[in-house]
Amino acid sequence: MNNTDIQIAEQDKNVLNTFKKFLGLEHFGWKFGAVMLLICSIIMPIIGIIMLTAGAAVQNASQPTYTGGVPGYPFVLMGVMYLVLTAVELIPCTVVSFIMLKKNEYYQSTIDTDISIARKRATSVGMIVFCFIFNTLAAVFYLINFIKTKSNAAAFDRLEASQKGGTI
């Protein structure tokens, strides 16, 4: 093995380690987002129910004496909005985040045996859009990995070939 081969092997090892690092950071992003969304999915309906109850109580208490407007309706409206927001946005985003967390773990597990699976995902433009819609923190790390994977295509080709040949 000459000096150039050693440098190329070292470069390939660095590319692989960087890829693993940013895939791990993306995993952290999905996990952090999933946990935060889960917490919000628990707190928001509780607040919505409290606001609904408070609005109904204010409305009932003021009904016989107050004739100038609707004092409890804003609370009722906010309570309904919190419940709708939870059902329409928070719960689906939480589920997607937990699913993507598991998928990310799968891709992390395939790197050492078949890097082509993780590489194909890491070079998907659609995943950039998907990540930015559902989790911006994970999207930042995905985008960095996307750029590094595209710019080091030759190193990934060599890594893939060496894995198929049985050496890495």
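The values are calculated or read from the model by the stated rules, or taken from the named source; none is laboratory data. This structure is a prediction, so every number in the text was calculated from the model and none was measured. Note that each Cβ is placed from the backbone with ideal geometry, even for glycine, and that neighbours are counted across all protein chains shown. Heads up: the accessible areas ignore ligands, DNA and RNA and are worked out on the full protein's heavy atoms, side chains in. Shrake-Rupley method; radii C 1.70, N 1.55, O 1.52, S 1.80 Å.
Quick look at the values:
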{"quantity": "Over 17 Å [Cα-Cα, the range 72-168], rounded percent", "calculated": "62 percent"}
{"quantity": "Å² per residue, accessible surface of the chain at 1.4 Å", "calculated": "58 Å²"}
{"quantity": "Folded to 0 to 90 degrees: helix 73-85 orientation relative to the chain principal axis, Cα", "calculated": "20 degrees"}
{"quantity": "Helix 153-165 axis, angle to the chain major axis (alpha carbon atoms, nearest 10°)", "calculated": "70 degrees"}
{"quantity": "Helix-only mean residue ellipticity at 222 nm for the chain, each DSSP H run of n ≥ 4 adding -39500 (n - 2.57), per residue, nearest 500", "calculated": "-28500 deg cm²/dmol"}
{"quantity": "Length-normalised contact order for the chain - Cα pairs under 8 Å, 6+ apart - percent", "calculated": "33 percent"}
{"quantity": "Value in Å of the Kirkwood radius, where the chain supplies the Cα pairs that are averaged", "calculated": "19.2 Å"}
{"quantity": "Tilt relative to the chain, helix 136-151 - C-alpha long axis, 0 to 90 degrees, to 10", "calculated": "20 degrees"}
{"quantity": "Proximal charge balance of Val95 [Cβ under 15 Å; K/R count +1, D/E count -1]", "calculated": "+2"}
{"quantity": "Options Pro45, Leu16, Gly55, ranked by Cα towards positive dipole end of the range 1-61, top entry (Cβ charges)", "calculated": "Gly55"}
{"quantity": "Heavy-atom accessible surface of the range 73-128: percent carbon and sulfur, 1.4 Å", "calculated": "73 percent"}
